[in-house]
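What follows is one structure encoded as structure tokens, with my remarks underneath.
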Amino acid sequence: MGGGGQQTDRITGTNARFSTYTWEEVYNVSQWVKRHPGGLRIIGHYAGEDATEAFTAFHPDLPLVRKYMKPLLIGELEASEPSQDRQKNAALVEDFRALRERLEAEGCFKTQPLFFLLHLGHILLLEVIALMLVWYFGTGWINTAIVAVLMATAQSQAGWLQHDFGHLSVCKSSRWNHLVHKFVIGHLKGASAGWWNHRHFQHHAKPNVFKKDPDVNMLNMFVVGKVQPVEYGVKKVKHLPYNHQHKYFFFVGPPLLIPVFFQFQIFHNMVSHGLWVDLVWCISYYVRYFLCYTQFYGLFWAVILFNFVRFMESHWFVWVTQMSHIPMNIDYEKHQDWLSMQLVATCNIEQSAFNDWFSGHLNFQIEHHLFPTMPRHNYWRAAPHVRALCDKYGVKYQEKTLYGAFADIIRSLEKSGELWLDAYLNK
């Protein structure tokens, strides 16, 4: 930020002499933001802040994006204007930028195509084996149970693969990443790329931040963290008995998120926002599924099988995605630097071949959140450097066992419920 004069803009990469403006005058993106691939809300989440770290993290092809940014750049912020950045550690911010440059130079952002081809291949193989089992061994209960497990495994692994393409971490071209993302999430999973982008990038931009991260919007079914339970308790808000939420979580969270909540939200989002291309891809999944399985099970039992697979996939998804976030700090906006913000909201799970496969490498949640466009097979290379930077600045870098991380979900829900009950009864 400056007071005019010759400036190098870190986003557009241009040298120019700019006038100075107030916050109300710097940018007008009211029309362009509607076309933003990451959704319109994510930009508003950084109002009043230097978004350089977030901008760099989400865009692998900066020269391409700068072409769109240049017409929007009006000038520099007046030095007297208030900013949300003044409390950030400038040395930490610069060291983190230097770390990213080092990792780029070491090739940590380069993709190994064979890794993703093999991953896609094993998903398709699971799908084929499931169908062949029904073809050869029929629709008995035992065989159907095996088929359902194989299909749920394929769906879960396809979920991790669409996540890779959605973060633009596979192909060199963003265009190809977007195209394959639509195929994987649409045709292989029956979901919407546009819905996922809008929801997931907000989560990455402001993880565990109330009113900005949709993943901590619990629709009044749970209270999370240490702040929200007390707020609800003081206001005497009691939609559910939150002091028992660690018990009813098993019946509401893992079994219902995908087959009920996400299922409704995906179709509502596609129709209400006119995501017709996504809808076509999504329909292609259902056409393929029912053509394959109604001939063996009939329509009714094919629907039952479909929902049972979603039920199992939902358990897999919820435990993996929440183990690194729900037990962490959840609060309102604190305007922290990129590294500190991500580290208080995420933790890692210890590395093993199984953990890598089971979680889609989200056991390296810290590295993924810091560098979302980094191919996941390179997270282990970045991890020691990230840990060293955290140690230098006293930022806590947490790593847990898989079982410990699962248990922490329940413990944190129980603790939040106790905070709510105490505030509800005594404040």
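The values are calculated or read from the model by the stated rules, or taken from the named source; none is laboratory data. Please read all numbers here as calculations on a predicted model, not as lab measurements. When we count neighbours, we look across all protein chains shown, and the Cβ atoms used for this are built from the backbone with ideal geometry, even at glycine. When the accessible area is computed, the model is the full protein with side chains, heavy atoms only, and any ligands, DNA or RNA have been set aside. Shrake-Rupley method; radii C 1.70, N 1.55, O 1.52, S 1.80 Å.
Relative contact order for the range 299-363: what is it in percent, counting Cα pairs under 8 Å that are at least 6 residues apart?
Details: 29 pairs, mean separation 18.0, N = 65.
Relative CO of the range 299-363 lands at 28 percent.
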- Task: Hey, could you grab the Kirkwood Rh for the range 221-344? Inverse mean 1/r over distinct alpha carbon pairs, Å, one decimal.
- Result: 17.8 Å
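Roughly speaking, to the nearest percent, how much of the range 220-320's 1.4 Å accessible area is carbon and sulfur? Before the final figure, lay out the partial values.
Values: 4020 of 5270 Å².
Reported share for carbon and sulfur atoms: 76 percent.
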- Task: Based on a Kirkwood Rh over C-alpha pairs, give the Stokes-Einstein translational diffusion coefficient of the range 285-368 at 10 °C and viscosity 1.306 mPa s in µm²/s.
- Result: 101 µm²/s
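Tell me the relative contact order for the range 257-337 as a rounded percent, counting alpha carbon contacts under 8 Å between residues six or more apart. Before the final figure, lay out each step's value.
On the way: 21 pairs, mean separation 30.2, N = 81.
Reported relative contact order: 37 percent.
Where does the range 297-427 land on the Kirkwood hydrodynamic radius, alpha-carbon pairs, in angstrom?
One over the average 1/r among Cα pairs gives 16.9 Å for the range 297-427.
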- For the range 316-358, evaluate the Debye formula with one uniform point scatterer on each Cα (no solvent term) and list log10 I(q)/I(0) at q = 0.27, 0.31 Å⁻¹, rounded to two decimals. -0.99, -1.11
- Task: Please find, in a Gaussian network model of the chain (springs between Cα atoms separated by less than 10 Å), the residue of GLY48, GLY186, GLY253 whose mean-square fluctuation is greatest.
- Result: GLY48
- In Å², what does the accessible area per residue of the range 129-202 work out to with a 1.4 Å probe? 39 Å²
- Query: How about LYS235: which lysines have a C-alpha closer than 29 Å to its C-alpha, ignoring those fewer than 8 places off in the same chain?
  - Reply: LYS206, LYS211, LYS212, LYS226, LYS247, LYS334, LYS415, LYS427
- Query: With r defined as the distance between the Cβ atoms of ASP422 and ALA98 and R0 fixed at 45 Å, what FRET efficiency is calculated, to the nearest 0.05?
  - Reply: 0.50
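Using Cα pairs under 8 angstrom and six or more residues apart, how large is the relative contact order of the chain, in percent? If you can, show how the numbers build up before the last one.
On the way: 572 pairs, mean separation 89.8, N = 427.
The value is 21 percent.
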- Query: When all C-alpha to C-alpha distances in the chain are sorted into bins of 10 Å, what percent of pairs does each bin hold, rounded to whole numbers?
  - Reply: 4, 19, 29, 26, 15, 5, 1, 0
- Task: Using only the Cα atoms of the range 184-256, build the gyration tensor, take square roots of its eigenvalues as a ≥ b ≥ c, and label the shape rounded, prolate or oblate: rounded if a/c is under 1.5, else prolate if a/b is larger than b/c, else oblate.
- Result: oblate
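Send over the per residue convex hull volume for the range 168-213, Cα only, as a whole number of Å³. Let's see the in-between values first.
Working: hull volume 3.7 nm³, N = 46.
Hull volume normalised by residue count: 80 Å³.
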- Looks like the range 271-321, by Cα gyration tensor root eigenvalues a ≥ b ≥ c and the a/c under 1.5 rounded cutoff (else prolate when a/b is bigger than b/c, oblate otherwise), is oblate
- Message: Springs between alpha-carbon pairs under 10 angstrom, Gaussian network model over the chain: which of LEU370, LEU92, LEU114 fluctuates most?
- Response: LEU114
- Arrange the peptides 209-215, 339-345 so that the one whose residues have, on average, the most other Cβ atoms within 10 Å appears first. 339-345, 209-215
- Message: Could you report the range 250-360's accessible area per residue, 1.4 Å probe, as an integer in Å²?
- Response: 46 Å²
